[in-house]
Amino acid sequence: MSKVAVIYWSGTGNTQAMAEAVADGARSAGAEVDLLTCADVQGVNDYEAVALGCPAMGAEELEDGEFLPMLDTIEADLAGKKVALFGSYGWGDGEWMRLWETRCAEKGITLAVDSVLANEAPDDDAVAACKALGAALA
């Protein structure tokens with residue numbers, strides 16, 4: 001059984017709802033899952049796969065008070081693991097996700113599946129995509 005960490009930061013609850021769907025998908029596919037907020041993360045070495053969720057903030061950027069500092073501490077340990085990204089946004093066109101994907105590539109992190117974005121609260125299609133993301137990581 002694979003062990004998956006679903007790590008997220010959510011300001012409005014939209015990204016949290018996505019994280020819960022990712023965790024459900026991974027569990028349904030047989031994985032052992034830890035659903036963690038940024039404050040709960042002690043490292044990722046015990047996981048075969050990691051899903052990271054963060055909404056777009058400010059001018060389409062990652063949240064920099066909690067999420068980005070946590071990401072900075074675990075990024076080096078993500079290379080070689082199955083990694084996936086997800087998050088919600090309320091404006092723009094998803095530029096923050098494209099920038100985040102580029103950051104991953106520059107750090108040697110290969111994404112296992114396509115990232116999942118939701119405009120505002122995740123609709124049924126976004127929830128289904130999150131569950132599929134989780135299953136792909138399991």
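The set of residues in the stretch 17-36 being over 13 Å from Ala51 (Cβ atoms) and without any contact (Cβ under 8 Å) to a residue 60 or more places away in the chain consists of Glu32 alone. Taken over the stretch 11-50, the criterion of being within 12 Å of Leu133 (Cβ to Cβ), touching a Gly at 6+ places or on another chain (Cβ under 8 Å) and among the β-branched types (Val, Ile, Thr) is satisfied by Val22 alone.
Taking first residues from the stretch 83-96 that are over 17 Å from Leu133 (Cβ atoms) and partners that are part of a loop (DSSP other than H, G, I, E, B) and β-branched (Val, Ile, Thr), no Cβ contact under 6 Å between residues at least 6 apart in sequence or on separate chains turns up. Scoring Cys54 on the criteria (1) of a type outside the set (Val, Ile, Thr); (2) more than 20 Å from Asp124 (Cα to Cα); (3) free of Cβ contacts under 8 Å to residues at least 60 places away in the same chain; (4) crowded, with 20+ Cβ neighbours inside 10 Å leaves a single failure, condition (2). Residue count for the stretch 1-22, restricted to those that are crowded, with 23+ Cβ neighbours inside 10 Å and out of contact with any Cys (no Cβ under 9 Å at 6 or more places or on another chain): 3. Could you list, in sequence order, all residues of the stretch 64-78 that are of a type in the set (A, V, I, L, M, F, W, C) and either over 14 Å from Ala5 (Cα atoms) or surrounded by fewer than 11 Cβ atoms within 10 Å (Cβ to Cβ) (or both)? Residues satisfying the conditions are Phe67, Leu68, Ala76. Taken together, the criteria exclude Ile7 from residues that are part of a loop (DSSP other than H, G, I, E, B) and either at pLDDT 95 or above or of a type outside the set (D, E, K, R) (or both).
The values are calculated or read from the model by the stated rules, or taken from the named source; none is laboratory data. If you're wondering where the values come from, they're calculated on a predicted model, not measured in any experiment. Quick reminder, even Gly has a Cβ in these numbers, built from the backbone with ideal geometry, and neighbours come from all protein chains shown.
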